[in-house]
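Trainee: My questions all concern the structure below.
The values are calculated or read from the model by the stated rules, or taken from the named source; none is laboratory data. These numbers were taken from a predicted model, which means no experiment stands behind them. Cβ placement follows ideal geometry from the backbone for every residue including glycine, while neighbour counts extend to all protein chains displayed. Note: accessible area is taken over every heavy atom of the protein model, side chains too, but ligands, DNA and RNA are not part of it. Shrake-Rupley method; radii C 1.70, N 1.55, O 1.52, S 1.80 Å.
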Amino acid sequence: MKLLPFLLLLVSPAFAQWQPLSVNTKASFRAVSAANKQVVWIGGTGGTFLRTTDGGDTWQTGTVPGAETCDFRDVQAIDAQTAILMSAGPAEQGQARIYRTTNGGQSWTLSYQTQQQGVFFDGLSFWNARQGMAFSDPVNGHYFLIRTDDGGKTWLPLPADQSPSTHPGEAAFAASGSSMVTQGSKNVWIGSGGTGGGRVFRSTDGGQSWAVSETGLPADSSSGTFGLHFFTAKDGIAVGGDHKNVTKPGANVAITNDGGKMWSLATPATSPGLKEAAWRLPNGHWLLVGPSGTSLSTDAGKTWQALDQEPFHALVCAGNTCWAVGGKGRVARRTF
């Protein structure tokens, strides 16, 4: 009998399953952001957005007018009324756009659009309600960066010589809304993939200057760093894999404890394969999602438990409650 509480502690994570949520759409999702435990925004294909103000029990489902051809690959939740949606592109087809709402999605303002050749947005992230950045695949050998200082009302491109330079064939994956992450007041990181990728770029001055480090994650035309999560200025996780072979075994997790200067490979997460998003729970456990399923580590990546094989692309948590999104209207909630 004395062993029972210990045994329950060991197996309890497996009993917490993803709870499918009804959102009344078959749009595919790669963008999710939580303002708090009650307010979550989601972006998807066909100009689709979702909003909940009760933690996911009920959802508002809508389409941004004029954005029906857009694929929202990232979203920033500011509060219950304000959110920013990023449409990836391609810019040449008029689909590289950023929209903003301040009335809970009743109306949207197109706050940025470019038709510059080569622009395809991969992610955006905010330090606070007013200051944020977004980035695109490289243009002429440099990542294309834009910044806002007024909550997404206006965006200004950063000079090319102030943006990170890339290897030939290197780019980023607009897969989970976490290829760019911010922390504190000026820290920002970008994860890369493609030929010569598998790296993480870092800036500690709001994007004015950059350095880059190898993660050790395999990278080629279909693999590299897909998602990042920094839970302090020093401590972070990078995840990846191969989107053309999502169950391919191999290195898919790297960790840093010095702000991204040095990375080391963790034990590959199980179930094996592509992981696109990561989070650190309040109890210190690490949670990963991807097309190959959900993984949990209770010892900072030394060992992993495969919780399921549910295919998700993006993840966000507020406290012990997490929301994950994927293809064909897949939205789920899980409390740990």
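Trainee: Name the residue that is least open to solvent (accessible area, probe 1.4 Å), counting only residues in the stretch 273-314 that are among the charged types (D, E, K, R) and assigned to a strand (DSSP E or B).
Mentor: The qualifying residue least open to solvent (accessible area, probe 1.4 Å) is D308.
Trainee: Can you tell me which condition G197 does not meet? The list is (1) buried (at least 21 other Cβ atoms within 10 Å of the Cβ); (2) outside any loop (DSSP other than H, G, I, E, B); (3) free of Cβ contacts under 8 Å to residues at least 40 places away in the same chain, and all the others hold.
Mentor: Of the numbered conditions (1) buried (at least 21 other Cβ atoms within 10 Å of the Cβ); (2) outside any loop (DSSP other than H, G, I, E, B); (3) free of Cβ contacts under 8 Å to residues at least 40 places away in the same chain, the odd one out for G197 is (2).
Trainee: Regarding the stretch 266-276, can at least one residue be identified that is charged (D, E, K, R) and touching a residue at least 60 places away in the same chain (Cβ under 8 Å)?
Mentor: Yes, the conditions are met somewhere in the stretch 266-276.
Trainee: Residues V32, V64: which one is open to solvent by less than 30 Å² (accessible area, probe 1.4 Å) and touching a Cys at 6+ places or on another chain (Cβ under 8 Å)?
Mentor: V64
Trainee: A further question on this structure: For the stretch 122-175, enumerate the residues that are aromatic (F, W, Y) and surrounded by fewer than 17 Cβ atoms within 10 Å (Cβ to Cβ).
Mentor: W127
Trainee: Being surrounded by fewer than 17 Cβ atoms within 10 Å (Cβ to Cβ) and at pLDDT below 95 is the requirement here; does L7 meet it?
Mentor: In short, yes.
Trainee: Then there is this: So, G206, is that one of a type outside the set (A, V, I, L, M), closer than 15 Å to W127 by Cα and touching a residue at least 60 places away in the same chain (Cβ under 8 Å) or not?
Mentor: Yes; evaluated as a whole, the condition is true for this residue.
Trainee: Provide a single number: the residues in the stretch 70-84 that are surrounded by 24 or more Cβ atoms within 10 Å (Cβ to Cβ) and outside any loop (DSSP other than H, G, I, E, B).
Mentor: 7
Trainee: Let me ask something additional. Among the residues that make up the stretch 49-61, is at least one of them more than 25 Å from T335 (Cα to Cα) and buried (at least 17 other Cβ atoms within 10 Å of the Cβ)?
Mentor: No, the stretch 49-61 contains no residue that is more than 25 Å from T335 (Cα to Cα) and buried (at least 17 other Cβ atoms within 10 Å of the Cβ).
Trainee: Let me ask something else about it. Conditions: (1) open to solvent by 30 Å² or more (accessible area, probe 1.4 Å); (2) of a type outside the set (D, E, K, R); (3) more than 16 Å from the chain's Cα centre (by Cα). H243 meets all but one. Number of the miss?
Mentor: Among (1) open to solvent by 30 Å² or more (accessible area, probe 1.4 Å); (2) of a type outside the set (D, E, K, R); (3) more than 16 Å from the chain's Cα centre (by Cα), H243 violates only (3).
Trainee: Might you check whether a residue that is hydrophobic (A, V, I, L, M, F, W, C), closer than 21 Å to G290 by Cα and under 16 Å from the mean Cα position of the chain (by Cα) occurs anywhere in the stretch 190-213?
Mentor: Checked against the condition, which is being hydrophobic (A, V, I, L, M, F, W, C), closer than 21 Å to G290 by Cα and under 16 Å from the mean Cα position of the chain (by Cα), the stretch 190-213 yields at least one hit.
Trainee: Quick check on the stretch 257-270: of everything there that is modelled with pLDDT of 95 or more and closer than 17 Å to D299 by Cβ, which residue is most open to solvent (accessible area, probe 1.4 Å)?
Mentor: Taking the candidates together, the pick is N257.
Trainee: Name every residue in the stretch 233-272 that is part of a loop (DSSP other than H, G, I, E, B) and acidic (D, E), in order of residue number.
Mentor: Answer for the stretch 233-272, where residues must be part of a loop (DSSP other than H, G, I, E, B) and acidic (D, E): D235, D258.
Trainee: Further question: Pick out the one residue from G241, G236, G301 that is in contact with a Lys or Arg (Cβ under 7 Å, 6 or more places away or on another chain), of a type outside the set (D, E, K, R) and either modelled with pLDDT of 95 or more or within 28 Å of G43 (Cβ to Cβ) (or both).
Mentor: G241
Trainee: Is it the case that A314 is free of Cβ contacts under 8 Å to residues at least 60 places away in the same chain and of a type in the set (A, V, I, L, M, F, W, C)?
Mentor: no
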